[in-house]
Amino acid sequence: MLKKSMQIELPHGLEARPVAELVQVASKYNSRIYVELGTKRVNAKSIMGMMSLELDNGDRLIVSADGDDEQQAIAEIENFVGGHQIGA
C-alpha cells in the first residue's frame with residue numbers, strides 16, 4: 001500500500017468536470033484507491049464520494065492506493081491534481 005500527500009493545484013479546484021475526470025483516472029487502475037481530506041475518506045472511483053469532499057484549489061489531501069498498479073495510480077493522480085494533465 002502506498003500513501004502520498006498531494007496539493008490540489010487546479011485554478012477552480014475540483015468542480016464537477018474535473019472530479020469526473022479524476023474518477024476516470026482512478027478507475028483505469030485495478031488498485032483500491034482512496035482520497036482523504038480531514039476526517040473524510042472516500043473511494044476515488046466513486047463520483048458521489050469524490051463530490052462530497054468539495055475539494056478546492058490549495059487543499060492538501062492524502063491519496064492511498066493498494067494493488068499491483070498502485071505506483072502508477074498514485075503518480076497519475078498526483079499529476080492530475082497538480083494541474084499537469086488539464087485538457088489531456
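Regarding ARG17, is this residue charged (D, E, K, R) and part of a strand (DSSP E or B)?
When the stated conditions are applied, ARG17 does not pass them.
Return a yes/no flag: does region 27-37 have any residue that is more than 11 Å from the chain's Cα centre (by Cα), modelled with pLDDT of 95 or more, crowded, with 18+ Cβ neighbours inside 10 Å and of a type in the set (Phe, Trp, Tyr).
yes
The values are calculated or read from the model by the stated rules, or taken from the named source; none is laboratory data. None of the values given here were measured: they were computed from a predicted structure. Glycine gets a Cβ as well: all are built from the backbone with ideal geometry, and neighbour counts include every protein chain shown.
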